[in-house]
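Novice: Below is the structure I would like to discuss, written out as structure tokens.
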Amino acid sequence: VRYKSFKKKNEAQSWIDNGGIYETKEMLQEKLPLGVYFDAGTGRGIGTEVRVTDKYGSSILDYFLPLDSINKYGNYLTKPGSTNNFGELLGCYIALNIALKNGQKKILWR
């Protein structure tokens, strides 16, 4: 069973009228603009992790950080006690540097 929600009835009707196709993760990624994406989080319970990726979700932190600073998930684990806000700001800083280095004009927060 799959579930899809809509905010308005006309959105649901439009989806049905267009074939009721569930978009895959890959289909959604194709629609994303080229750019550098960043985010931070504490979901793993190991501290604040920073993630910087391309539109497909592949880590590009190695464009800015040494490989030994990147964990097995492709993220940078900040120092103990760092807040998520610190991680978001650090992610933005790293994303800006990578974008400048590679001539990217779009930096997006996930």
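The values are calculated or read from the model by the stated rules, or taken from the named source; none is laboratory data. What you see is a predicted model; the values in this text were computed from it and never measured. With ideal geometry, Cβ positions are generated from the backbone for all residues, glycine too; neighbour counts draw on all protein chains shown. Heads up: the accessible areas ignore ligands, DNA and RNA and are worked out on the full protein's heavy atoms, side chains in. Shrake-Rupley method; radii C 1.70, N 1.55, O 1.52, S 1.80 Å.
Novice: Count of lysine pairs in the range 51-110 with Cα atoms under 25 Å apart, counting only pairs 8 or more residues apart in sequence or on different chains? Present the calculation step by step, with values, prior to reporting the outcome.
Specialist: Values: LYS55/LYS72; LYS55/LYS101; LYS55/LYS105; LYS55/LYS106; LYS72/LYS101.
For the range 51-110, qualifying lysine pairs total 5.
Novice: Antiparallel versus total DSSP beta bridges in the range 23-109: what percent is that, nearest 5?
Specialist: Numbers: 9 of 12 bridges.
Bridges in the range 23-109 that DSSP calls antiparallel: roughly 75 percent.
Novice: By a straight-distance test (C-alpha under 27 Å), which lysines pair with LYS8 as possible cross-link partners, with residues fewer than eight away in the same chain excluded?
Specialist: Of all the lysines, those that pass the test against LYS8 - Cα under 27 Å, at least 8 places apart if same chain - are LYS25, LYS31.
Novice: In debye, nearest 20, what is the charge dipole magnitude of the range 54-110 about its Cα centre with +1 on Lys and Arg Cβ and -1 on Asp and Glu Cβ, if you could check?
Specialist: On the way: 7 positive and 4 negative charges, 39 e Å.
Dipole of the range 54-110, to the nearest 20 debye: 180 debye.
Novice: FRET efficiency for ASP54 and GLU11, Cβ-Cβ distance as r, R0 = 35 Å, nearest 0.05?
Specialist: Numbers: r = 30 Å, r/R0 = 0.85.
Calculated value: 0.75.
Novice: Over the chain, what relative contact order in percent results from Cα pairs under 8 Å that are six or more residues apart?
Specialist: Details: 145 pairs, mean separation 31.5, N = 110.
With pairs under 8 Å counted, the relative contact order is 29 percent.
Novice: Over the range 23-109, give the accessible area per residue in Å² for a 1.4 Å probe, as an integer. Walk me through the intermediate numbers first.
Specialist: Working: 5550 Å² over 87 residues.
That works out to 64 Å² per residue.
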